[in-house]
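Below is one structure, written out as structure tokens, with a few remarks after it.
The values are calculated or read from the model by the stated rules, or taken from the named source; none is laboratory data. These numbers come from a predicted model, not from an experiment. Here the Cβ is made from the backbone with ideal geometry for all residues, glycine too, and neighbour counts use every protein chain on show. Only protein heavy atoms, including side chains, enter the accessible area calculation; ligands, DNA and RNA are left aside. Shrake-Rupley method; radii C 1.70, N 1.55, O 1.52, S 1.80 Å.
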Amino acid sequence: FKLPPGQMVETVAEQQAIGEVLRLWMERTLEDALAPEGGGEEDRVTAADEPGLRVQISLPENDGNAKDSDQHQQQQQANYGFLEFASHAAASMALATLTGSTDGGILLPDAPQMPQKDLEGLRLHWGHGKKQRDNERNVIEDDTSGFKFERKHFPADSRQDCWFCLASSGCERHLITGVYDRCYSALAKGPAHVGHVLLISVQHTDQGALLDVQVSQEMDRLKDQLYRHASLTYDSDLFVFERAIQTKGGYHTHVHCVPIPTHLGVKLQATMMSQARKIGMQLREITSDLGMTALVKNNDDDDDDENNNQRQKQHQGYFYAEIITGGGRTKRRFLHKTASNAVVVPLQFGREVLAACLGQPKLAHWKSCVTSQEDETSMATKFRESFAKVQEDQQ
């Protein structure tokens with residue numbers, strides 16, 4: 001931002017005060033843009049609750065002991081600064097609202113809720129500011145997990161009522177085992193095994209991992225490492241499954257990766273297929289060379305293009321599983337699509353299959369396996385250490 005030519009700021013205190021006024025105005029602008037039409041204050045999403053709406057202020061340094069020859073330059077510096085948004089989208093929204101253009105420009109005369117009349121003539125435009133070491137302004141270190149998060153891990157569409165959104169107050173960060181570009185990993189709440197990990201998308205989306213190519217590719221790379229980790233650390237294989245089906249409370253994409261005994265694959269497959277048939281699921285082994293995204297979207301039972309496109313629009317979700325079987329360590333993949341079958345897939349179907357196969361009913365529901373936060377923290381720490389060692393040995 002650059003202040004109007006007629007507005008001179010002479011002291012550091014004045015500079016900080018005007019910066020704070022502008023920062024709060026930007027946050028209020030974003031809150032107003034997202035507020036539901038006709039909703040009250042109780043319906044507003046605020047910057048206090050939502051990291052994606054927060055704005056920071058960065059002002060040029062001012063040396064109070066500068067010589068007279070430098071004071072003119074410092075006075076010029078005092079008339080500009082930088083507003084740092086959580087995302088490019090948030091900054092673009094503020095620029096468009098206040099200047100009429102996503103490229104920025106002079107403040108609109110009727111800019112909404114202008115906090116001070118003397119701000120007329122204010123310029124807002126894109127800037128780069130000072131480059132800072134290790135992107136320190138874009139990094140947030142979490143005291144609970146010890147991980148460093150970037151602003152991209154707190155997207156503007158995060159939900160406060162979703163415990164998988166990193167921005168949510170309900171997110172239990174002590175369970176986190178890894179943070180990546182498009183997803184993060186965490187020890188499952190109420191795990192079926194000490195190495196039971198969830199791969200969770202950073203973005204709050206209910207479409208499922210298989211329908212987001214970039215998320216799926218990153219998760220596939222992590223799954224390869226988790227297969228290796230399960231083998232070396234627990235002498236186990238992995239049972240991978242995802243129930244990407246909307247629930248009453250909303251769904252946030254996440255994939256289960258559960259270590260299982262190496263001899264269990266064939267029995268696990270038979271148990272899963274049997275239980276699927278009992279409830280009417282059309283769970284089929286994937287033998288096609290098509291990519292997973294195409295397989296989920298494609299309707300196998302209808303070759304008519306118009307009807308097929310209509311079915312794709314009505315797609316409601318899927319259940320997907322991976323199981324290692326046989327001495328050749330064959331990875332078998334299975335898929336049930338709800339678009340062609342209205343049967344209700346149990347919320348804990350994957351765990352129920354595992355519990356039946358192992359003869360341990362307690363494993364069927366996560367609530368039966370919940371332990372203390374102290375134990376959870378200890379398990380997550382041990383997993384991070386063993387997983388890091390496997391990653392280092394693989395490099």
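Rolled with a 1.4 Å probe across the full set of protein chains, the surface gives ARG54 an accessible area near 100 Å². Between ARG277 and ARG329, full extension at 0.36 nm per residue minus the direct alpha carbon distance yields a gain of 16.2 nm.
Largest to smallest in accessible area, the residues VAL55, VAL12 fall in the order VAL12, VAL55 (1.4 Å probe, all protein chains included). With a Förster radius of 51 Å applied to the beta-carbon distance between HIS365 and GLU14, the computed FRET efficiency rounds to 0.25. Which entries in the list LYS223/LYS267; LYS267/LYS367; LYS117/LYS152; LYS278/LYS382 go over 31 Å, if you measure between the two C-alpha atoms of each? Going by Cα-Cα distance, LYS117/LYS152; LYS278/LYS382 fall outside the 31 Å limit.
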